[in-house]
Structures are given as C-alpha cells and as structure tokens.
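One structure below.
The values are calculated or read from the model by the stated rules, or taken from the named source; none is laboratory data. On a predicted model such as this, the values are computed, not experimentally measured, just so you know. Note that each Cβ is placed from the backbone with ideal geometry, even for glycine, and that neighbours are counted across all protein chains shown.
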Amino acid sequence: MWESAVRCRLLMDWEGPLLDPGPGMLLALRRACLRAGRPLPVEEDLSWVLNTPLEGALEALLGPGSEAERTQVMANIPVYFQRWGRYWCREQAGARAMLGNLNEASSVETVLFSAETAPGVQTLLTHYDLERSFDRILCARRQACMQCKAATAERLSRQCDPADRLLVWLTDDPRELRFAKYVGIPSIAAGWGRATPEELEAEAPAMLAPEPHDVLRLLAGLGSAREPAVAVG
C-alpha cells in the first residue's frame, strides 16, 4: 500500500473523476429535443456531440432556421440532466478501486466536493452505491455556480493548516484546475475524464494522473516533489 509522507485532504466531485456524465447528457439532449418537437432518431450515434460546442451541435442536428427550437433545447438540457440524466452516468473504469485504495491510506482524507445540495448528492451516492466512499461530504447550501465553488475552495485553502493536512484538488475540469491554481491548492488533473490531455496541460496542474490508480502514487510523492509530476507506469 502506498502512503503519503504528507497527510492530505483530497477534494473531488462525483462528475468526472468518478462518473462519466456523457450518457446522461445525451439522454437529456434527446428528451429536450423531443420536448421541442424535434425528436432525434433512436438509432443515431450522438457521441460526437459530447466533444462539440453545444450550439454548433444543435445547429447540425436541427438544421438552419431552428433558432427557437435550439434555444428551448439548450434551456431544457440542464433540467432533464438533473431530473434523469445524472442517474444514467457511466462509472469511470478504476474509479471505485481508486476510492478503496485512498480510503485504506491512513494519510488521505477523501472529501466529496460538490456544488449541488446535500440531498441531491446523497441521492446520487446512494444510486451509485458510493455513500460510504468518502470521509466527508462538502456541498452547497443552495444550488451553486462554478464561481461559488471556487470561492468555497478559496475559503478551504485559508482554513486548512498545511502542517495538519495538505489540501489537494482532483478534477478533470480545466476551469477547476485554473481555480485551484488561483487559490493556491495543488491540483491533480484526472487524465481519464472528458478533457483532452492538451486542455489539462494548458492549465499547468501540479500533477497529472493518466489513470485512477496513479492518484495514490502521486500523493505518496508529495513530500519530496517540487516540480509538476506525472505518474508513469
């Protein structure tokens, strides 16, 4: 078992490092298009949409002259994702084993860090059988935006005593990597998420984990690492 020379408090969200929201997003897209009176063929492969700016993808799907429908679909996708799509996410390969290894490491405290409210997060964790996978759960009192989440991270950074535990943020979201750097939290870029390696590297994270099993090894090297690290092998 790998152990870190430094006691760590590891922040992560459920979306990205643990669950791939792609299937749920496509379900929400289909429901939103159906609601707008523009149902998409069931047999059509829509996986390309996940790597395409949404407005351009909708124009390609719905055709020119569909501004009203596109506006309606864009407004309804988040609604349907919250209602149904988030229960259709795909578990990231190796993520559950990663959590198990982190929880066995006495030097690591795992914290689910979400902008969602506690009841919503608890429902999700129960649905995916992850309710016992975290030492702490940190949620918004009300549904929060990305900026609110960054402000919470900044407050955590000020409150956390590095002599007690080092705060580290694991994420596949380039925006969160940027916020982590801004507030002075060492970050681990989750290379198995939706962002490309180029998008992750552009934010210069403190560490890059190509696969979930690399995370604990990177944490184990925090005591001696002074340069940005990448787990290899």
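Looking only at the range 65-78, decide whether some residue is assigned by TED's automatic domain parsing to the domain that holds Gly193, under 19 Å from Ala28 (Cβ atoms) and touching a residue at least 40 places away in the same chain (Cβ under 8 Å). Within the range 65-78, none of the residues are assigned by TED's automatic domain parsing to the domain that holds Gly193, under 19 Å from Ala28 (Cβ atoms) and touching a residue at least 40 places away in the same chain (Cβ under 8 Å). For the range 47-68, taking the residues that are outside any loop (DSSP other than H, G, I, E, B) and of a type in the set (S, T, N, Q), the one that is modelled with the lowest pLDDT is identified as Asn51. The one condition from (1) surrounded by fewer than 18 Cβ atoms within 10 Å (Cβ to Cβ); (2) at pLDDT 95 or above that Glu3 does not meet is (2). Filtering the range 45-76 to residues that are within 26 Å of Gly191 (Cα to Cα), surrounded by 14 or more Cβ atoms within 10 Å (Cβ to Cβ) and in contact with a Gly (Cβ under 8 Å, 6 or more places away or on another chain) leaves only Leu50. Residues that are of a type in the set (Phe, Trp, Tyr) and buried (at least 16 other Cβ atoms within 10 Å of the Cβ) within the range 151-201 comprise Trp169, Phe179, Trp192, listed in sequence order. Restricting attention to the range 103-120, the residues that are under 25 Å from Arg7 (Cβ atoms) and over 17 Å from the mean Cα position of the chain (by Cα) total 7.
Counting only helices (runs of 4 or more DSSP H) that sit wholly inside the range 121-233, those with at least 1 residues that are over 23 Å from Glu104 (Cα atoms), over 19 Å from the mean Cα position of the chain (by Cα) and at pLDDT 85 or above are 146-159.
Among the residues of the range 154-172, not a single one is in contact with a helix residue (DSSP H, G or I) (Cβ under 8 Å, 6 or more places away or on another chain), assigned by TED's automatic domain parsing to the domain that holds Met12 and basic (Lys, Arg). Right, Ser106: closer than 22 Å to Trp192 by Cβ and either not assigned by TED's automatic domain parsing to the domain that holds Lys149 or not in a helix (DSSP H, G or I) (or both) or not? When the stated conditions are applied, Ser106 does not pass them.
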